[in-house]
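Worksheet: the structure to be examined is printed underneath.
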Amino acid sequence: QVQLVESGGGLVQAGGSLRLSCVASGRTFSRYASVMGWFRQAPGKERTFVSAVTWSGNSIYYADSVKGRFTISRDNAKNTVTLQMNSLKPEDTAVYYCAVDVGTILHMHESDYDYWGQGTQVTVSS
């Protein structure tokens, strides 16, 4: 009912920046409010929460590991969410996934999200 298309991944040197974007569409998404967020998964590691924002933008949360470096934003007119990543570190290397929770309350748990994108690779070199 919701389709997600991600873009913006790539290779960057430590200290550099990347901007990830995700476009959501679908009948359910157009009818209900939603939370849009980002998760990431490094090779051999569990998928972890990065950031999320509610439909209204009144609630935003960042994982401690990215606070002060990453910024999440959304444009409801375009059904998009963006993750601006600055001061990137090698430990940020992972596949980044866009996710949607069809609801109004912000969650930071993978199990609470209903739809997922295919992921985009971010590689940060030393």
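Tabulated data for the structure shown
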item: Qualifying residue in segment 48-68 (condition: open to solvent by 40 Å² or more (accessible area, probe 1.4 Å), closer than 20 Å to residue 90 by Cβ and within 13 Å of the chain's Cα centre (by Cα)); result: yes
item: Subset of segment 76-103 [open to solvent by less than 60 Å² (accessible area, probe 1.4 Å), within 19 Å of residue 21 (Cβ to Cβ), at pLDDT below 95 and of a type outside the set (A, V, I, L, M)]; result: 76, 79, 80, 101
item: Residues of segment 9-41 that turn out to be modelled with pLDDT under 95 and either in a loop (DSSP other than H, G, I, E, B) or at positive phi (or both), as a count; result: 4
item: Hey, residue 72 farther than 21 Å from residue 42 by Cβ, modelled with pLDDT of 95 or more and of a type outside the set (Phe, Trp, Tyr) or not; result: no
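To keep it simple, each residue is scored yes or no on (1) in contact with a Leu (Cβ under 8 Å, 6 or more places away or on another chain); (2) at negative phi; (3) assigned to a strand (DSSP E or B).
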| site | (1), (2), (3) |
| --- | --- |
| 56 | no, yes, no |
| 67 | no, yes, no |
| 71 | yes, yes, yes |
| 74 | no, yes, yes |
| 87 | no, no, no |
| 95 | no, yes, yes |
| 100 | yes, yes, yes |
| 105 | no, yes, no |
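The values are calculated or read from the model by the stated rules, or taken from the named source; none is laboratory data. Source: prediction; values computed, not measured. Cβ coordinates were reconstructed from backbone atoms using ideal geometry, including for glycine residues, and neighbour counts include every protein chain displayed. Ligands, DNA and RNA are stripped out before the accessible areas are found, and what is left, the full protein with its side chains, is counted by its heavy atoms. Shrake-Rupley method; radii C 1.70, N 1.55, O 1.52, S 1.80 Å.
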